[in-house]
1. If you rank 55, 111, 40, 76 by fewest surrounding Cβ atoms within 10 Å, what's the result?
2. On a 23 Å Cα-Cα criterion, which of the cross-link pairs 19/87; 19/89; 51/86; 54/112; 54/86; 19/86 come out too long?
3. Within 10 Å of each residue's Cβ, count the other Cβ atoms and sort 81, 21, 26 from fewest upward.
4. Which residue fluctuates the most in the chain, going by a Gaussian network model with Cα springs under 10 Å, if the choices are 115, 103, 14?
5. Modelled label-to-label distance, residue 50 and residue 37, 7 Å Cα→beta-carbon offset: nm?
6. Return 65, 116 ranked ascending by Cβ neighbour count within 10 Å, so the fewest neighbours appear first.
7. Multiply the residue gap between residue 27 and residue 85 by 0.36 nm, knock off their C-alpha separation, and tell me the result in nm, one decimal place.
8. Can you match semi-axes √(5λ) of the Cα gyration tensor in Å to one of these, (1) 26, 15, 13; (2) 59, 15, 11; (3) 25, 20, 15, based on a calculation from the structure here?
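Just so it is clear, none of the values below were taken in a lab; they were calculated from the coordinates. Remember, it's a predicted structure, so these values are computed and weren't measured experimentally. FYI the Cβ positions are ideal-geometry reconstructions off the backbone, even for glycines, and counts take in every protein chain you see.
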Amino acid sequence: MKHESRLVATNHYVSHEMKEFDEPHFWHSEMRYSSVWNSLLRDAPNINDDKMRKLMSTPYPYGPCCHFYSSGMGTLRSMIFDVSEKKVKVSFGPPDMNPWYEVDIDAPIGLKEIVCNYDDVEIDNPEQFWREMD
């Protein structure tokens, strides 16, 4: 039987061992982390690759995908690692507007330019979005 685990990361430390190194982080990071973690808990153990990609493509505040590039917070890439299969699925730019690529960790990658689509959206409540958290 295959044992599956999930690891979620946004832009702040959540482990007790690393918290001492965390500088103040922002509200949006907590919101994006919580949206992903809660979705995984709600859908477990029935989470699959399609659900993960849909989750990663869900726009903020209901998911982690951000389009606030002029404000300094736009999704640059989203990645799903399958360590047992040694594969990475990656979407460059916001995944709700760009395709996913699969990379075999054992295969040579080579260099390739990928042009991304994106929308630049204004933050509705910048004071809340950029609020520092402890």
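1. 111, 76, 40, 55
2. As for pairs spanning more than 23 Å Cα to Cα, those are 19/87; 19/89; 54/112; 19/86.
3. Values: 81 14, 21 7, 26 18.
Fewest-to-most ranking of 81, 21, 26: 21, 81, 26.
4. Its mean-square fluctuation being the largest, the pick is 115.
5. The answer from the label model is 2.9 nm.
6. So the ranking, lowest neighbour count to highest, is 116, 65.
7. Result: 17.5 nm gained on full extension.
8. Given (1) 26, 15, 13; (2) 59, 15, 11; (3) 25, 20, 15, the structure-derived one carries the label (3).
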